[in-house]
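Student: Starting off with a structure, shown below.
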């Protein structure tokens, strides 16, 4: 897999909460993508961004308390959004603020400066879940201050 760009700006340090007001740029690689790669993207309000947790130093393959909080149940890595995944892949939905050629300005992308970007897709509601969404109470508590 080859990164198609990199996060520039936003946060330098890793922090787990308060991402909603963080503005950063995704600078796409002009050696890989033509200038027309972003044509039509301006019609979308949000993006789905796939990225590599390049600063994650641990890998979890079993169960743990999310964020090491003993008040939350132990869950398997596939039931958590931890960056300590086997392939260190992250997926985030963020607001598209602007486009300048191959530079995308975004808000609410939970990735730090220097993060390699693997893919960018427009967010399309119709690809979202059909029917009611079920989540445990602990994830709602965890996400309360995330964005």
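Student: Hey, any hits in the stretch 104-122 for a residue that's surrounded by fewer than 16 Cβ atoms within 10 Å (Cβ to Cβ) and out of contact with any strand residue (DSSP E or B) (no Cβ under 7 Å at 6 or more places or on another chain)?
Tutor: Within the stretch 104-122 (the criterion being surrounded by fewer than 16 Cβ atoms within 10 Å (Cβ to Cβ) and out of contact with any strand residue (DSSP E or B) (no Cβ under 7 Å at 6 or more places or on another chain)), the answer is no, since none of the residues qualifies.
Student: Quick test for you: out of 120, 112, pick the one residue that is outside any strand (DSSP E or B), under 19 Å from the mean Cα position of the chain (by Cα), within 30 Å of residue 134 (Cα to Cα) and touching a residue at least 60 places away in the same chain (Cβ under 8 Å). Please lay out each step first, then the result.
Tutor: Numbers: 120 fails: outside any strand (DSSP E or B).
That would be 112, the only listed residue that is outside any strand (DSSP E or B), under 19 Å from the mean Cα position of the chain (by Cα), within 30 Å of residue 134 (Cα to Cα) and touching a residue at least 60 places away in the same chain (Cβ under 8 Å).
Student: Checking the conditions here, which among 27, 2, 50, 6 is surrounded by fewer than 11 Cβ atoms within 10 Å (Cβ to Cβ), within 20 Å of the chain's Cα centre (by Cα), under 12 Å from residue 117 (Cβ atoms) and in contact (Cβ under 8 Å) with a residue 12 or more places away in the chain? Can you show your working first?
Tutor: Numbers: 27 fails: surrounded by fewer than 11 Cβ atoms within 10 Å (Cβ to Cβ); 50 fails: surrounded by fewer than 11 Cβ atoms within 10 Å (Cβ to Cβ); 6 fails: surrounded by fewer than 11 Cβ atoms within 10 Å (Cβ to Cβ).
Going through 27, 2, 50, 6 in turn, just one is surrounded by fewer than 11 Cβ atoms within 10 Å (Cβ to Cβ), within 20 Å of the chain's Cα centre (by Cα), under 12 Å from residue 117 (Cβ atoms) and in contact (Cβ under 8 Å) with a residue 12 or more places away in the chain: 2.
Student: So residue 144 fits all but one of (1) at pLDDT below 95; (2) surrounded by 14 or more Cβ atoms within 10 Å (Cβ to Cβ); what number is the exception?
Tutor: Condition (2) is where residue 144 drops out.
Table: residues versus (1) out of contact with any helix residue (DSSP H, G or I) (no Cβ under 6 Å at 6 or more places or on another chain); (2) closer than 17 Å to residue 27 by Cα; (3) at pLDDT 95 or above.
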| site | (1), (2), (3) |
| --- | --- |
| 41 | yes, yes, yes |
| 52 | yes, yes, yes |
| 67 | yes, no, no |
| 100 | yes, yes, yes |
| 103 | yes, yes, yes |
| 109 | yes, yes, yes |
| 117 | yes, yes, yes |
| 124 | yes, no, yes |
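Student: Now for a different question. Condition first: loosely packed, with under 13 Cβ neighbours inside 10 Å and in a strand (DSSP E or B). Now tell me which residues in the stretch 66-90 satisfy that.
Tutor: If the condition is that a residue be loosely packed, with under 13 Cβ neighbours inside 10 Å and in a strand (DSSP E or B), then 76 is the only one that fits.
Student: Which of the following residues is under 24 Å from residue 15 (Cβ atoms) and under 11 Å from the mean Cα position of the chain (by Cα): 77, 91, 97? Full working, then the answer.
Tutor: Details: 77 fails: under 11 Å from the mean Cα position of the chain (by Cα); 97 fails: under 11 Å from the mean Cα position of the chain (by Cα).
On inspection, the qualifying residue turns out to be 91.
The values are calculated or read from the model by the stated rules, or taken from the named source; none is laboratory data. Remember, it's a predicted structure, so these values are computed and weren't measured experimentally. With ideal geometry, Cβ positions are generated from the backbone for all residues, glycine too; neighbour counts draw on all protein chains shown.
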